Amino acid sequence: MIIDDRNKLQDWLDQNDWFEDGYISRINSDSSKIEIALGLQTSGTYVAGDPKTLKEFIIKPHGIKTWTYDKSNFTPGYDWCIANVVLPENGFGLKFDTPSIFELTCESIEISEPKIIETITKPWISDREFFVTAYGSEIPKPQYWIDSLKENGFDIGFRYYSGELKQIYDIPYPEYSGYFIQRLDRISKTEKGIFFKSLKQDKDKIRLSIELEDKDIDSIWKALQKIISTWKGLQVNCGNVTFNDNDWNVYLERNILPEKLEKIKNVW
């Protein structure tokens, strides 16, 4: 199929949900020819190990006028979601919203029949966020984090966004979500730290979501993960993987995923 009309191209994008949370698996380009493999997930989940179905097209523009892709800013691959694909503000072509935005304008676009790919959702682990559920009759007090990290060699304190050190008696308990912990010697130099995104007590369980928002305190982040790994009845959701207490400890110590996921981590 060859499209050279802006309205028809818009209809095709609409039929494919504007490739929201889709992917670009491949870009081949030289001075005279461009080929883009563009797809989206049509069924299944984003949970590691679950089956899913992809629909992928090959895009070949003709009569190229502009092409602003810079391979140093975005590397194609099945692992990375893109935001969407839209029409450019001016002219005929496509605008790709990826970690970097790039644009193609041309005279026409040749679009292949869709290729249907049956595969399995690959596991990925976030290096800056995880969600924890564990047994507990009360949310850990702010002093718990100060004392536990002190035992690991870190002097930390609580602060609000871009704020000064908060004294322990000024931290609202049990509702201190929205606060950061930060190394004492970095509070005056930074705005963030490790963010307590949410803290909840649900009957006999604690639910905690935390995010690393200062990459220079990664060592504290790792120590915090180890502290939490000792909690009873632990379940950790990180990226698209769910860990039980044993799996989480194995992952922290040896960087190994649960067995069935370790086997498919290189599925592509």
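The values are calculated or read from the model by the stated rules, or taken from the named source; none is laboratory data. Keep in mind the model is a prediction, meaning the values are calculated, not measured. So basically every Cβ, Gly included, is an ideal-geometry build from the backbone, and we count neighbours across all protein chains shown. To get the accessible areas, we keep the full protein, side chains included, count just its heavy atoms, and leave off ligands, DNA and RNA. Shrake-Rupley method; radii C 1.70, N 1.55, O 1.52, S 1.80 Å.
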For the range 30-140, what size does the Cα cloud have along each of its three principal axes, sorted from largest down, in whole Å? 66, 30, 23
Most fluctuating residue of D204, D21, D127 in a GNM of the chain with Cα springs under 10 Å: which is it? D204
Residue-averaged [θ]222 nm for the chain, counting only DSSP H segments that reach four residues, each worth -39500 (n - 2.57): -4500 deg cm²/dmol
On each of the three principal axes of the Cα atoms of the range 132-268, give max minus min coordinate, whole Å, ordered largest first. 47, 35, 26
In units of 2.2 N^0.38 Å, the Cα radius of gyration of the range 183-257 is 1.22
Can you give the accessible area per residue of the chain, in Å², using a 1.4 Å probe? 55 Å²
In the range 161-235, the trypsin sites (Lys or Arg not before Pro) that fall in loop regions by DSSP, at most 13 other Cβ within 10 Å: K189, K203, K232
Out of (i) 40, 20, 18; (ii) 45, 22, 16; (iii) 42, 23, 16, which label holds the value of semi-axes √(5λ) of the Cα gyration tensor in Å that was computed here? (ii)
Determine which lysines satisfy two conditions relative to K215: a Cα distance under 24 Å, and not lying fewer than 8 residues away in the same chain. K150, K166, K189, K192, K197, K226
Hull surface over four for the Cα convex hull of the range 113-175, reported in nm², is 9.2 nm²
So which trypsin sites (Lys or Arg not before Pro) in the range 24-92 are both in a DSSP loop and have at most 16 other Cβ atoms within 10 Å of their Cβ? K33, K65, K71
Give me the mean projected area, in nm² to one decimal, of the convex hull enclosing the Cα positions of the range 193-234. 3.0 nm²
Which residue fluctuates the most in the chain, going by a Gaussian network model with Cα springs under 10 Å, if the choices are Y161, Y169, Y69? Y169
Residues with amide H under 5 Å of E213's amide H, sequence separation 5 or more or different chain, H placed in the peptide plane at 1.01 Å from N; which? G193, I194, F195
